[in-house]
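Reviewing the structure listed below.
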Amino acid sequence: MTKTDSDKADLYVAYQVAVDKEKQWNGYGMGGGVRWGGMATATSSTINVGTLVLDLYDPTTKQLVWTGNATKTIDPSSNQEKNQKNLDKAMAKLLKNYPPKQK
């Protein structure tokens, strides 16, 4: 594919990005379990989950021809280079099945 600003593009690319917060629970146990007098504890933390949706449209028919999405845990306050690498991996995974195989 080649990016163009022309009105005669073969495909239009649309994308949506969302970040949502989710609770993550981590459970830990020691010993023989509650039944035999063991100990267990659980902690919760809030994680950011990012979702990217990529849609390709045929501009002539105005029909969706392909869609893909990727979801990844992200940390906006962490190293931006690491976040970019995670984004690159998510995009590679998202586009792994593009172009679709002919039937």
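Miscellaneous remarks
- Once the C-beta distance of Ser78 and Gln102 is scaled by a Förster radius of 41 Å, the resulting FRET efficiency is 0.50 to the nearest 0.05.
- Excluding same-chain neighbours fewer than eight residues apart, the lysines reachable from Lys82 by a Cα-Cα span under 29 Å are Lys3, Lys21, Lys23, Lys72, Lys93, Lys96.
Every number here is computed from the coordinates shown, using simple stated rules; none is lab data. Here the structure is a predicted model, which is why all the values come from computation and not from measurement. All Cβ positions, glycine included, derive from the backbone under ideal geometry; neighbour counts span all protein chains shown.
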